[in-house]
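Participant: Mind looking over this structure? Questions follow.
The values are calculated or read from the model by the stated rules, or taken from the named source; none is laboratory data. Nothing here was measured: the structure is a model prediction, and the numbers come from that model. Cβ sites come from the backbone with ideal geometry, for glycine too, and all protein chains shown count toward neighbours. Ligands, DNA and RNA are excluded from the accessible area calculation, which covers all protein heavy atoms including side chains. Shrake-Rupley method; radii C 1.70, N 1.55, O 1.52, S 1.80 Å.
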Amino acid sequence: MGFYVTSKFLNRFRPFYLNIFVRNLSTTDPQSTRLAEVGKLEIPKIQGKNYETGQLFLHRVFGYRGVILFPWLARVYDRDLPNQNKNKLDSNENGGGDSNAGTATTNVSKEVQKKTHTFYQVLIDQRDCPYIRAQTEAVTFLGNQDSNRSLYAIPGLDYVAHDDILPYSSAEQHPLQHELFDKFLVHQPDKDPPFDAQDTLRAWQKKNHPWLELSDVHKETTEGIRITVIPFFMGCRETQAASVYWWRYCIRLENLGELSVQLRERHWRIFSLSGTLETVRGRGVVGQEPVLSPRLPAFQYSSHVSLQASSGHMWGTFRMEREDGHTFDCRIPPFSLESKPDDNTITTNSPTNDDDNSNNTNLTNDSKTPPKNE
């Protein structure tokens with residue numbers, strides 16, 4: 001079972017659609033496809049007015065059903081914003097403005113404006129997982145679970161921007177199917193939304209805060225393809241030879257144009273504070289060469305990187321090919337890899353680079369080395 005939400009519907013979503021009931025579409029058997037009412041859309045909140053724990057929602061881009069657990073306040077570095085100012089300065093220079101305009105343009109182009117936005121930790125309805133173009137095993141971390149410190153993954157956990165939340169309400173006591181739903185939330189019919197956090201959710205959030213925390217988001221658009229990167233520090237593994245620091249990073253590609261585009265290649269540059277610079281090239285990402293079409297414009301995945309230093313930087317490009325044959329390099333915004341002083345080190349063997357074996361992300365309660373540099 002899963003949602004199919006057209007971009008036309010989402011673009012035209014307005015308050016006068018509030019009486020439209022969201023429908024659940026089964027595509028597993030065309031002969032028995034049926035619509036089932038699952039809830040009623042509500043008015044989205046403007047930025048600055050946060051959604052509460054227990055709020056049900058549809059994802060604006062991927063269309064899945066989810067429930068909000070708690071918010072994160074993130075610094076968003078949008079490299080598109082200074083470009084707008086740069087264009088204005090270019091116009092002034094061409095029109096005979098100040099002779100120093102060229103110097104000002106260079107300075108502006110190097111600046112990245114920072115704004116603060118709310119993101120949410122959410123659970124994804126497991127019935128929708130097979131139908132969305134985003135990894136649902138993507139939140140991995142080197143957890144400290146009592147005395148057993150190893151690599152963990154949480155199925156159906158995601159981070160969602162405030163603007164991607166389309167809230168809805170449901171009369172069902174169990175409107176979402178996820179193994180953690182009943183462990184984290186309790187039904188409170190007199191509350192709005194009618195689900196409240198249990199002590200287990202609060203304890204879990206506090207215990208895993210260092211590697212769950214979302215702090216920085218980086219965005220950049222090239223020829224109508226917007227790339228969003230969110231890095232997370234996972235922890236440090238102590239080996240006999242050195243300390244190895246691990247990060248995961250979530251990447252979303254979104255086609256804002258009218259023509260379909262396919263991702264063909266990736267090219268990464270990884271700089272470590274120890275002074276090393278690594279170059280990684282390969283076909284596609286996570287074993288795929290996704291097509292971003294007007295009907296399915298977005299794709300999201302996660303990967304990992306390790307350094308033998310406590311910090312570093314990553315940047316790169318995706319080689320894209322349009323349906324008309326035009327190819328271009330889409331810039332991946334530079335982002336920092338910063339560690340945290342928390343005691344979350346793990347003793348293990350030295351990790352290996354599994355750059356192309358990227359389907360091994362289902363690591364629930366497993367100490368496997370995560371795939372890297374996708």
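Participant: When you check Phe335 against the structure, is it of a type outside the set (Ser, Thr, Tyr) and open to solvent by less than 10 Å² (accessible area, probe 1.4 Å), yes or no?
Facilitator: It is true that Phe335 is of a type outside the set (Ser, Thr, Tyr) and open to solvent by less than 10 Å² (accessible area, probe 1.4 Å).
Participant: When you look at Gly284, is it open to solvent by 10 Å² or more (accessible area, probe 1.4 Å) and farther than 23 Å from Arg60 by Cα, yes or no?
Facilitator: no
Participant: Let me ask you something else. With respect to Ser272, is the statement that it is crowded, with 18+ Cβ neighbours inside 10 Å and hydroxyl-bearing (Ser, Thr, Tyr) true? Even if it seems obvious, please write down each step before you answer.
Facilitator: Details: crowded, with 18+ Cβ neighbours inside 10 Å: yes; hydroxyl-bearing (Ser, Thr, Tyr): yes.
Criteria met by Ser272.
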